[in-house]
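The values are calculated or read from the model by the stated rules, or taken from the named source; none is laboratory data. Bear in mind that the values here come from a model prediction, so they are computed numbers and not experimental data. Quick reminder, even Gly has a Cβ in these numbers, built from the backbone with ideal geometry, and neighbours come from all protein chains shown. Accessible surface areas use protein heavy atoms only, side chains included; no ligands, DNA or RNA. Shrake-Rupley method; radii C 1.70, N 1.55, O 1.52, S 1.80 Å.
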Amino acid sequence: MEYHVKDLSLAEEGLRLIEWAEMDMPVLRQIRERFAKEKPLAGIKIGACLHVTTETANLVRTLKEGGAEVFLCASNPLSTKDEVAAALVKHFDIPVFAIRGEDRDTYYSHINAVLDQTPQITIDDGADLVSTLHKERPEQTEKVWGGTEETTTGVIRLKAMAKEGLLKYPIIAVNDALTKHLFDNRYGTGQSTLDGILRATNRLLAGSVFVVCGFGWCGKGLAMRARGMGARVVVTEVDPLKALEAVMEGYLVMPLDEAAEIGDFFCTVTGNKSVIRKEHFLKMKDGAIVCNSGHFDVEIDLKSLREISTQVRTIRKEVEEYTLKNGKKIYVLSQGRLVNLAAAEGHPSGVMDMSFANQALCVEYIVKNHKTLQKTVYSVPEEIDKEVAKLKLAAMGIKIDTLTPEQQKYLTSWEEGT
Ligand SMILES: NC(=O)c1ccc[n+]([C@@H]2O[C@H](COP(=O)([O-])OP(=O)(O)OC[C@H]3O[C@@H](n4cnc5c(N)ncnc54)[C@H](O)[C@@H]3O)[C@@H](O)[C@H]2O)c1
């Protein structure tokens, strides 16, 4: 079996961590048990480009139990857990091509190693696999039945491809499932981003000014959790509706230009580029801490920061100190890459349980329906979303009410009024 991981001797530790994650992934576990019996993915090759974490390990195990052959590479050079990669190879016979800290060339060679297997289904997180396939190996797209996309940034890229008529096979936007973004992006990013910042810095959040750039699903979660830790939270936005929502939630809302002067912590979660730029760095307080939890490392303009700095040094793991020509120091976490994955362990398993349950069920859906799907980006079918919510509630031991026949009728009729 071909694979490329850092060190197979890490496999025992990786196995224990995968089992630990599995304990808090009851929905995916139930799907795996069904897949093991029914083998809905028998004979299918799947190419997956995902953060190589313990939760991803449980997803790819599930797909394999369903009968698929799965090949895995990383969706970010800094998010791979080498022990997990080793365990997948050694204990589950799943070929993994991922090494934490790999350079850009290795990152893309790993994506190509997965594509060399000519998968019928792709699973992507950020759309690097799909865009590499379309750009570098267009003839191979004909062999793909369909794919899924995990995150907001990937969905934006794929919708842009579809709009230009360039998308060559159907994609299901797993991110758009309610049981994904309402929970993963909000509670997952909220908790794990703070976890990353705290592990990297060990600084006190209480009483600090914490600037959240972007009040989308991730930003809402991050702002909520930072406030919960006692920070005074400032939100910056470009969308008036989101900004208004932040105001009504009780956050201070202002342009980044103003926030730059008062923030102790800055975290971008916009999915946009060059959000924090030279003019902002120049206004920041001495000792400001800057990081990103959006998908790509483009949100903080590190190039301009380097240009205005006289010295850069690593001060502790995941923390780089930039000394500016004006004498101030600015600290950047995890090189501006996803701080929750680079400095911590990404989302907790309990929330990835729902995201990856959607992934597994959407892969099954593509296998069943690929002949009728068009070359466009689809939302997750409502029945899958509802099924995931139902299974999660059941796993948590929470029961809810059901509509009476009278209520059902009332909610679909117009005759009854005042
Ligand atoms: N860290 C993680 O594990 C994780 C998890 C899920 C999603 N993501 C990524 O996080 C990013 C945000 O995802 P989301 O689901 O919150 O997206 P979203 O579309 O819900 O929110 C993004 C928000 O940023 C705002 N924005 C855009 N440009 C801005 C600017 N220059 N200044 C201030 N605000 C700006 C938008 O108006 C929007 O409200 C994406 O890149 C997504 O892929 C990361």
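Look at the alpha carbon pairs under 8 Å that are at least 6 residues apart: their mean separation over the length of the chain gives a relative contact order of 16 percent. Legend: distances between Cα atoms for Lys37/Lys64; Lys220/Lys390; Lys6/Lys81; pairs beyond 19 Å are Lys220/Lys390.
Of all beta bridges that DSSP places with both ends in region 189-342, some 35 percent have antiparallel geometry. Using the 1.4 Å probe convention, the accessible area of region 189-342 works out to 44 Å² per residue with neighbouring protein chains retained. One quarter of the surface of the convex hull around the alpha-carbon atoms of region 276-315 equals 3.2 nm², the direction-averaged projected area.
Scaled against 2.2 N^0.38 Å for its residue count N, the alpha carbon radius of gyration of region 368-418 is 1.76. Taking a ≥ b ≥ c as the square roots of the Cα gyration tensor eigenvalues, with a/c under 1.5 meaning rounded and otherwise prolate when a/b beats b/c, else oblate, which class fits region 255-345? Oblate, because a/c is 1.5 or more while a/b does not exceed b/c. What is the chain by shape, rounded, prolate or oblate, if you read a ≥ b ≥ c off the alpha carbon gyration tensor as root eigenvalues and call it rounded for a/c under 1.5, prolate for a/b larger than b/c, and oblate otherwise? Oblate is the answer for the chain, as a/c is 1.5 or above yet b/c matches or exceeds a/b.
All Cα-Cα separations within region 189-342 were binned at 10 Å from zero, giving a P(r) of 12, 47, 35, 6, 0, each value a whole percent of the pairs.
Each peptide in 215-224, 404-413 receives the mean, over its residues, of other Cβ atoms within 10 Å, and ordering these scores from highest gives 215-224, 404-413. Across region 189-342, Cα pairs under 8 Å and at least six residues apart give a relative contact order of 22 percent. Shape of region 7-119 from its Cα gyration tensor (a ≥ b ≥ c, root eigenvalues): rounded if a/c is under 1.5, otherwise prolate when a/b > b/c, or oblate? Oblate is the answer for region 7-119, as a/c is 1.5 or above yet b/c matches or exceeds a/b.
Atom-type composition of the exposed protein surface of the chain places 52 percent of the accessible area on carbon and sulfur (1.4 angstrom probe). Short-range pairs are left out: with C-alpha atoms under 8 Å and at least six residues apart, the relative contact order of region 273-416 is 18 percent. In the chain, what % of DSSP beta bridges are antiparallel (nearest 5)? Within the chain, antiparallel bridges account for around 20 percent of the total.
Per-peptide packing, taken as the mean over residues of other Cβ atoms within 10 Å, places 179-186, 323-330 in the sequence 179-186, 323-330 from highest down.
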